[in-house]
Every structure is written in structure tokens, then in C-alpha cells.
Amino acid sequence: MTSSDAKADSQGFRPRVVGFLCNWCSYAGADLAGTSRLDVPAAISPIRVMCSSRVDPVLIMTALMRGADGVLVTGCHPGDCHYDKGNYFARRRFALTDQILTSLGLEPERVRLSWVSASEGPRYAEVVNEFIEEIRELGPNPMRTNRSL
Amino acid sequence: MARRIGFFICECGPNIGENVDIDAVLNAVEDMDDVVLAARFGLMCSGPGKDFLKANIKTEKLTHLVVAACSPKQHELTFMEVCEDSGINPFLFQLTNIREQVAWVTKDKEEATEKTIRLAKAAIRRVRYHDPLSKTALAVNADVLVIGGGVAGMAAALRLASPERRVHLVERSSSLGGRVVAQGPIYPTMASGGEMATAMVDLVEGNDWIVVHRYSEVSVVVGFFGNFEVVVTGELEDGGTLETKVNVGAGVVATGAEVLEGKPLEDLGHGSIDGVVSSAELEAMLADGSIGGKGGKAPKSVAFVQCVGRDEVGYCSEICCMNSAKQARLLLEAAKGAKVHILYRDLCVPGRDQQAFLEGAVKAGANLVRTTSVEVGGSKGGITVSHSLGDGKAEKLMVDMVVLSPAMVPPTGTEGMAEMLNVELDPSGFLLEAHAKLEPMAAGIDGIYLAGSASGPRSVSDSIVQAEACAGRVLSSLIPGRTIEPEIRVSHILETLCTGCQTCLEVCCYGAIVYDPMKNVSHINAAICRGCGNCVAACPSNAISLYHFTYKQLYQEIVEAIR
């Protein structure tokens, strides 16, 4: 499955997913997935931020309005944030994002928050694989075709 | 001046070169706005690779640089240095990671190439919106804050203070010396604790480089190693308070421990049965001569009850067995012929000298009795101590004095201290070290160290060892005259958009933001801000921006990343 992620499937769906990775834990975890030569779907485009708390709902909505099929936000595990409590703030803001998505008629599953530490290369690969799989099942972001939103 | 962006892709030997169609990437980006050069090189981080970059920057008069290579954790700084050497601001540069996060995780070359193009375009679009940022060097502040004026705090202060390094010693009570100043002889040397502490107080007070803040508490600590801003709040005689601002580079927390009070002691007759005293009360009686002195009492039989409150607090306090052994020796000297029982659950006799010391107490007449539970009751002509011996047998002692040896607990205010300093608490409520073995003195926050009982009950000698170790950590890292480079990628507030709602103050974990009521706007102290961007996401009026991670920059990256 992973080998054809960036290509269109039989229905012509080619998922596009933005991954916001916190610099200290998750970005290093993603790097470790690389040094371990794991399979990570090419559909994800990693964007480095210093902390998951920088990722406000506006950034997530921007990605979705511009046509992203999914947005993955990853940060340090609870208690391990490089900035003390940033990930808790990220988690709290997620409740808000959920509501916005629902009110726009988008599936809340298109946005996911996961914790990935610097030593969790396999977990990063797993999280991305799972998420892309879920996005495939959801199909394309309706905003891509229905511009009236 | 028009932007002239150079795009460089590193083959990283076969690492990227074999998994990504480099020419396809170059073709895809060379026509992008402002791109004047798109080139490849075998190993960009090598000497020839860096020279290649420098030569092209010069001949093509590049203003911005994008490198597609390995993780920024590997070579971001390498290429930023190339920029600096070539006269480009190092922040007009973007490194995109096509090795760890593309070539190494994507088996299909076509897919890897397509993803590389996406990321390369995202980096190029992003770099067009980069702003030059300039580094600032901040001289380290070599001064040190020591919280707590007990033996640990004083030992740290005395070791640290010098003409190059002022020490601010903050003591909550009226006088220095802590718990030890009230002690008579202390184990294992039986030298007077009180005399030792008093001698230290004299040294501290006579030291020109130690500023003692009595009746004072630390109310604010913001900043980081080399640059802490502290507010010391002192109590004035008229009941008012005085706030003193102090700048330091590091802090030693030596807030000590307190003795458990309340129910566990009351259950054993403390406060209701005559002759039931705590070990601290016995210490005072021995010191002022009300036991053993001229006209003082001389108890004929005494029972020490160990581990009072141990079940409630959930840990062994480490120092009470030895303290009772010492007090037993003193009692046996003061009241010749007395019977002294020490009722213990588990003996804690650590260290080189302690075993011999305890044996000395036994030799002097102390009777060590292992027990599993103790009850104390008042009766005519004495106190009954009933205790079980563990094998079902019970024993009843008639004594005229019971000494309760209670657990040591964190001092009041420890929770607030932990929150203020961003230091964690262990489950028992003491301040937590970063690592019990590898970083025993570090508090998990750079530049904050823990000495003495602040991180758990400690003997006087262990406390001083820790104080010396803390001083060593400070002396070896906080060197006068050195500079630190504070984070450049910090947040800043646009005054014209700020509504003064102070939401950002609530979310900042570093206390870097202050509110200006005159202008009704908030300000970020760039020397304190760590650049997480939490406030940016929290600001409801979009007035805050994080340098190098602005909305515009991330927007450009997003747009290309999902094309």
C-alpha cells in the first residue's frame, strides 16, 4: 500500500496530507524513521514548527481550505514538552478545531493530533501510515471539488 | 533589491542521488519566481560542497539560499555558516529535508521525486518571505540566587561568592542557620551543629559578596541559564512588602525540609500525654539543660518511637534512626543509668561511620527493639508503650518519657516554588532532580540546582556535599565574561493590533510577556522568550508573530506542500 501513496488510486484519489512536526520530539522521530529506513507514505508533507502549540486552528483550516485531505499534528508526549506545557495547549485547541470542522461539514477525522517522541521512529511511521489509510477511506477533501464552501 | 534565490540539491552520495531523480527536481523548480540558479552537488556539506555554494552565491549574486539535503538537525548550522561567510543573512536560507524524510522512507523513486519537488517548491516559496534576523550576544550574568539560608544554602553561597560573582541569599525567616542552628552535637562526629551553623552565619554576614535578604521570599523567576530575572519580596516591619529586582545567571534551591506534625504524632499521645515529646523538642531540652543540666530532669526510662508518619508519607526519611541513636547517646550521658529503648521498624544506617556510631549507642546502653506497631497510653506513674514484636508476641514497656521520631516532609510553599521555577515535584512533594544518578543536583531546568533536603530528607553532611556540588555546577558553567546567544526566533507583538486582552500572558510558560496598562498593550521580553509560538496561536487579534515561523511563511509552505 505504501508504495503507491503519492499516486492516484483506482478512483483517481491522490491524498495530500500536511504534517506539522514539532522540532524537538516529532521531527526527530520522523528523522529516526528515516535513519531506520522505515516506510513512510509519500503523501505526507512534513512542515517543521518549533512546538505543536504554534499550530493554531487557523493554520489547520488554511491547509484544509487550500485542499489538504488531512492534517496531522504531532508533538512531544504529555509531560515531555520541550517548552514545558505547549503540547497541552495544542491538545486544548484541538477541541476547538473539531467543532469548526463539524460546523463546516468536514469529517473531524481529517485532522489528527498524535504524540511522537524523538525515539519513536517506528511509531511515527505507524501513525502516518494509519492516518493516510484513514484519509484514503474518507476520500478527497470535499473543499477541493466544492469550492462554494 | 530583487530577490535572487539559489536552489541547491545535495546527492548525499547515493543516499539521495539514487532514490530521487535530481534532474527532474531541478527542472521543476528552475522556472519558479526569483529562482536564478538550480544546481546539484555530490556532497554539499563537504569542503568542496561548501566552496561550490560560496562560489555560486558570489557569481550569481544570490540573496537567498535553499538547500535540499539532509535533516536540519544534521547540517542546518553548516549551511547557515556558509551564508554568513558569503554575506547572506543566515535566516534568508531554508533547508528542506529530502534525505531522512523522503529518500530514506520512500522506496518508489517516482514518488520520492514527486515528494522532493513538493518540498523543494515549498522551501523556495517560503524563503521568499523570510526576514533577515540578527543575532544578539548577551553577557552572562555570573551572579547567583540561593533560596534558603540553612546550612546547604549558606555552604553554596560561601563557595560561590567572589568579587566576580555576587550571591543573593534569600531567607524566609528572621535569621540564617536553618534547622541546624538549633542542634546540639550532630552525628557522626558529635561536633556541635549549632556552633557550626553559627560560624557559617558569621562567615556569610561578613562576606561582602553575599547579599542576605531576610524575611524574604522569591516571588518571580523568569528567564534562562545566564539570564534570570528575579523578584524578591521582603516583609517590612510595618506589615508592608518591598519588592527587589535581582538579575542572576543561576539559582540554587536549598529550601530544606520540615518535620511532620499532626495526626500521626497525636495518635501516639503527643500533646495529650505528659512526657511524650518529639525529637525536635528533646533536642531543645538537651540544648537548654532542662534535661541533664543543673536542676534539669533526668528521665529513668525512655522509649524512642521511630518511623512516626512513615506510612502516611510513604518513604523513609533517612536521617531519623541516626538522629535517635545520637539523642540516645546524649540521654545516656545526661541521665546516668537510664533505660533507653529504640523501637524501630527498619534501621536506616547508611554510610561509613554510621554503623560504628550506632554500635556506640548500643554499647552505651541503648536497647534496639524491632517492632511492627506501637501504641502509647498514659497511666499512673508513667507512660505505657505497647508494641508487637512481629512474631505474634507483644511487649509492654513502662517509661517516663517517649520520644517520637517523625518523618521529614517538604516545607510549606514547595508547590508554589516548583511552579514558579518550572521544576517538577516527586510523588512525595519534594523537588525532583533531573536524574537521580546522572544529574542529581540539576532541577531539570538549565541553571537551577537543588541542594540539601529540598529534594528529599538529607543529613547535614550530605546537604553540604550537595551544596558544594551545586556550586561546582555553577562555577564550571557560568563563567564571568562569557556571552550567550538568546533565541532569535522569538515572538513579538504588533502594538497596533494588540487589544490588551492578556490572553498571551496566560499561556506563556516562561513569564516572558508583560502588560503595559498605560498603553493597554502587552510586550514580549525577547531575552526571556523561547520561541515556542504558543502565544501566536492563542492571540485572538492576530497581533503576535513568531520570527521565522510567521503565518505568511508557513502559509507558503502549506500551499506548495499539498499541491
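The values are calculated or read from the model by the stated rules, or taken from the named source; none is laboratory data. Treat the numbers as computed from the prediction; the structure is a model and nothing was measured. Heads up, the Cβs are rebuilt from the backbone with ideal geometry, glycines too, and the neighbour counts pull from every protein chain shown.
Brief remarks on what is shown
- Candidate set from the stretch B:337-354 (those that are over 34 Å from the mean Cα position of the chain (by Cα) and outside any loop (DSSP other than H, G, I, E, B)); member that is surrounded by the fewest Cβ atoms within 10 Å (Cβ to Cβ): B:K339
- Among the residues listed as B:P411, B:P480, the single one being surrounded by fewer than 16 Cβ atoms within 10 Å (Cβ to Cβ) and either touching a residue at least 40 places away in the same chain (Cβ under 8 Å) or not aliphatic (A, V, I, L, M) (or both): B:P480
- Residue selected from the stretch B:127-154 under the condition hydrophobic (A, V, I, L, M, F, W, C) and over 26 Å from B:G256 (Cα atoms), by the criterion nearest to the chain's Cα centre (by Cα): B:V140
- Answer residue from the stretch B:361-379, given it is assigned to a helix (DSSP H, G or I) and touching a strand residue (DSSP E or B) at 6+ places or on another chain (Cβ under 9 Å) and is surrounded by the fewest Cβ atoms within 10 Å (Cβ to Cβ) among those: B:V362
- The single residue among A:V71, A:V58 that is at the interface with chain B (Cβ under 10 Å from one of its Cβ atoms) and crowded, with 24+ Cβ neighbours inside 10 Å turns out to be A:V71.
- The stretch B:430-476, residues that are among the acidic types (D, E) and in a helix (DSSP H, G or I): B:D462, B:E468
- Residues satisfying the stated conditions in the stretch A:35-50, i.e. in contact (Cβ under 8 Å) with a residue 60 or more places away in the chain and either within 7 Å of chain B (Cβ to nearest Cβ) or closer than 22 Å to B:R126 by Cβ (or both): A:T35, A:L38, A:D39, A:V40, A:A43, A:I44
- Test: residue in the stretch B:6-17 that is modelled with pLDDT of 95 or more, assigned to a helix (DSSP H, G or I), among the β-branched types (V, I, T) and under 27 Å from A:A30 (Cβ atoms): yes
- Number of positions in the stretch B:81-102 that are closer than 20 Å to A:P46 by Cβ and not in a loop (DSSP other than H, G, I, E, B): 9
- Number of positions in the stretch B:173-213 that are in a loop (DSSP other than H, G, I, E, B), in contact with a strand residue (DSSP E or B) (Cβ under 9 Å, 6 or more places away or on another chain) and modelled with pLDDT under 95: 3
- Within the stretch A:46-58, the set of residues being farther than 17 Å from A:V127 by Cβ and either modelled with pLDDT of 95 or more or charged (D, E, K, R) (or both) comprises A:M50, A:C51, A:S53, A:R54, A:D56.
Matching residues to (1) among the β-branched types (V, I, T); (2) within 29 Å of A:S26 (Cα to Cα):
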| position | (1), (2) |
| --- | --- |
| B:C83 | no, yes |
| B:F91 | no, yes |
| B:T106 | yes, yes |
| B:I124 | yes, yes |
| B:S162 | no, no |
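- Candidates in the stretch A:23-34 are the residues that are surrounded by 23 or more Cβ atoms within 10 Å (Cβ to Cβ) and more than 9 Å from chain B (Cβ to nearest Cβ); of these, the one that is nearest to A:T74 (Cα to Cα) is A:S26.
- Taken as a whole, the condition of being assigned to a helix (DSSP H, G or I) and either in contact with a strand residue (DSSP E or B) (Cβ under 6 Å, 6 or more places away or on another chain) or touching a residue at least 12 places away in the same chain (Cβ under 8 Å) (or both) does not apply to B:K61.
- Test: residue in the stretch B:38-53 that is surrounded by 15 or more Cβ atoms within 10 Å (Cβ to Cβ), aromatic (F, W, Y) and more than 16 Å from B:T96 (Cα to Cα): yes
- None of B:V559, B:V460, B:V507 is assigned by TED's automatic domain parsing to the domain that holds B:G153, surrounded by 16 or more Cβ atoms within 10 Å (Cβ to Cβ) and more than 20 Å from the chain's Cα centre (by Cα) except B:V460.
- Of all residues in the stretch B:256-290 being in a strand (DSSP E or B) and aliphatic (A, V, I, L, M), the one that is farthest from B:G429 (Cα to Cα): B:V276
- Residues satisfying the stated conditions in the stretch B:124-151, i.e. touching a strand residue (DSSP E or B) at 6+ places or on another chain (Cβ under 8 Å) and buried (at least 23 other Cβ atoms within 10 Å of the Cβ): B:I124, B:R126, B:V127, B:D143, B:V144, B:L145, B:V146, B:I147, B:G148, B:G149
- None of B:F91, B:F41 is more than 22 Å from B:L554 (Cα to Cα), touching a Pro at 6+ places or on another chain (Cβ under 9 Å), at pLDDT 95 or above and assigned by TED's automatic domain parsing to the domain that holds B:T113 except B:F41.
- Of the residues making up the stretch B:380-428, those that are part of a loop (DSSP other than H, G, I, E, B) and among the basic types (K, R) are B:K380, B:K393.
- Filtering the stretch B:77-119 to residues that are touching a Ser or Thr at 6+ places or on another chain (Cβ under 6 Å) and either surrounded by 19 or more Cβ atoms within 10 Å (Cβ to Cβ) or of a type in the set (V, I, T) (or both) leaves B:N97, B:I98, B:E100, B:V102, B:A112, B:R118, B:L119.
- Count of the stretch B:481-510 residues, restricted to those that are part of a loop (DSSP other than H, G, I, E, B) and within 11 Å of another protein chain (Cβ to nearest Cβ), is 6.
- Of all residues in the stretch B:523-546, those satisfying the criterion of being more than 8 Å from chain A (Cβ to nearest Cβ) and within 28 Å of the chain's Cα centre (by Cα) are B:H523, B:I524, B:N525, B:A526, B:A527, B:I528, B:C529, B:C535.
- Residue ID - farthest from the other protein chains (Cβ to nearest Cβ), chosen from residues in the stretch B:68-106 that are charged (D, E, K, R) and without any contact (Cβ under 8 Å) to a residue 60 or more places away in the chain: B:D85
- Test set (1) over 26 Å from B:A139 (Cα atoms); (2) free of Cβ contacts under 8 Å to residues at least 40 places away in the same chain; (3) not in a loop (DSSP other than H, G, I, E, B) - B:E243 fails condition number: (1)
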